[in-house]
1. Mind listing the long-range amide H neighbours of Ile103? Cut-off is under 5 Å, sequence gap 5 or more, other chains count too, H placed in the peptide plane at 1.01 Å from N.
2. With charges set only on the Cβ (+1 for Lys and Arg, -1 for Asp and Glu), what does the dipole of segment 350-397 come to about its Cα centre, in debye to the nearest 20?
3. If you take every DSSP beta bridge whose two residues both sit in the chain, what share of them, in percent to the nearest 5, is antiparallel?
4. Enter the accessible area per residue of segment 35-101 (Å², integer; probe 1.4 Å; all protein chains in place).
5. Measuring with a 1.4 Å probe in the full set of protein chains, what accessible area per residue, in whole Å², belongs to segment 219-295?
6. Along the positive direction of the dipole of segment 159-295 (beta-carbon charges: Lys, Arg +1; Asp, Glu -1; about the Cα centre), which of Thr171, Ala237, Pro182 reaches farthest?
7. In the neighborhood of Asp233, defined by Cβ-to-Cβ distances under 12 Å, what is the net charge if each Lys or Arg adds +1 and each Asp or Glu adds -1?
8. Where the accessible area of the chain is counted over protein heavy atoms with a 1.4 Å probe, how much of it, in %, is carbon and sulfur?
Amino acid sequence: GRGAMQRSRLPVGGGNIFQKIRAKRSETAEQGMELFDLSIGEPKGPALMSARKAARDAVMSEQEAMHAYQYNDSPAVPDFARRFVTAHLKSVMPSKGLDYLPIPGIKPMFGLLPLACGCALDDITVATMTRPGYPIPADWCDYHIRVTHYPLPLNPQNQFRFSTADLESGTDLVMTNYPHNPSGQIATEAWWRALCKHCSDNDIRLFNDAAYYSLSHTEESATLAEVAVDYADLSWAEAYTAAKLIGNGTGWHVGAMVGSPDFIGDMKEVKGKTDAGIVAPMAAGAIAGLEEDQTGIEACRQMYKVRLDTLIGILSDCGMRLAAQPRAGFYTLWEAPTRAFGQSLASSEDFNFAMIDKTGVVGVHFPGCIRYAVCADIAAMEEGLRKAFQVADVAYE
């Protein structure tokens, strides 16, 4: 018989773009190059003091529930999910016809969504916003054998908002991400209405990842939840997280979902079997920040808005073309130049790696585009960034 071998059991080249860029970044830093790291898509520094103090007090609590499994509930922080969702929304939600679910962040939910739509039993088709976009929903779809996945068209021409005509017939689940990473595009109420009607009429489940909603830079930015409640037959869910909300809550792993009882009920079933729930003291901290420190949250949002404007000013002056005006979050997305440093470049990856090698400016490349984040202090880098892009002497042909 065949002897046992220790080897990877996964296909070659399975690392995603972020892993690739982290490796390139480390290699360049080791060569002594000063980096202008605009690739990091997570807040720097700690969480808001208000959230930290409340979490500290919760950790020190003698109450048993605060140190126990929470599963699909939050006995330690009563009514956490509803309160967390409500604090995000401008309008009052109806008291009936909705259900809520505390979640340990949005990422772990991506893999459960197709399962909640029956992919363990039947073939299903899922549409995502992953090209360009956050790759994890597509990665999860690839891991589920009975899921057929397609990315919705997102580009500078449609300003990173797909239309209902782009949804293939036979789609079972649409996973949206508004406000969108990496373009900073938002969904408006009118846009949500068209999508809700289409999904309701065609029996398609609709999920939105609203991780960046608290960092919207325009009043036009709308949640799915506030529109979906008007569509009685629509099966929908929307998720929110503390990660970008309370300064830096990325390691806190706490958030909440709201949706129609059928969809949330299915999520509860698969999540209840596979997940032990939120970390209660972090939930206590996050809800304190959200309910009692809107000033702190607003200060974070304003900081990113100022940095976005600064970076857009610098790069536009140096001939870079913005792919879309960011209306939320802390990302700028640019059309990838086809020439830089006096040479032709075949792809956005070529441009990004040339910038890293020759100037130390690190971005994240997507097909045809490059993302630069403003999590770092852009004003402190201004001189270095101007110099780097002047040296690059970018052009579009």
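1. Here the answer is Gly255, Ala256, Met257, since their amide H atoms fall under 5 Å of that of Ile103.
2. Working: 4 positive and 7 negative charges, 14 e Å.
About 60 debye.
3. On the way: 26 of 44 bridges.
Roughly 60 percent of the DSSP beta bridges within the chain come out antiparallel.
4. Values: 3840 Å² over 67 residues.
With the other protein chains kept in place, segment 35-101 gives 57 Å² per residue.
5. Numbers: 2550 Å² over 77 residues.
Value for segment 219-295: 33 Å² per residue.
6. It is Pro182.
7. On the way: positive: Lys197, Arg205; negative: Asp201, Asp203, Asp230, Asp262.
So the surrounding residues net to -2.
8. Values: 8850 of 17580 Å².
With neighbouring chains kept in place, the figure for the chain is 50 percent.
The values are calculated or read from the model by the stated rules, or taken from the named source; none is laboratory data. What you are looking at is a predicted structure, and each value in this text was computed from that prediction instead of being measured. Neighbour counts are summed over all protein chains in view; Cβ atoms, including those assigned to glycine, are modelled from backbone coordinates with ideal geometry. Heads up: the accessible areas ignore ligands, DNA and RNA and are worked out on the full protein's heavy atoms, side chains in. Shrake-Rupley method; radii C 1.70, N 1.55, O 1.52, S 1.80 Å.
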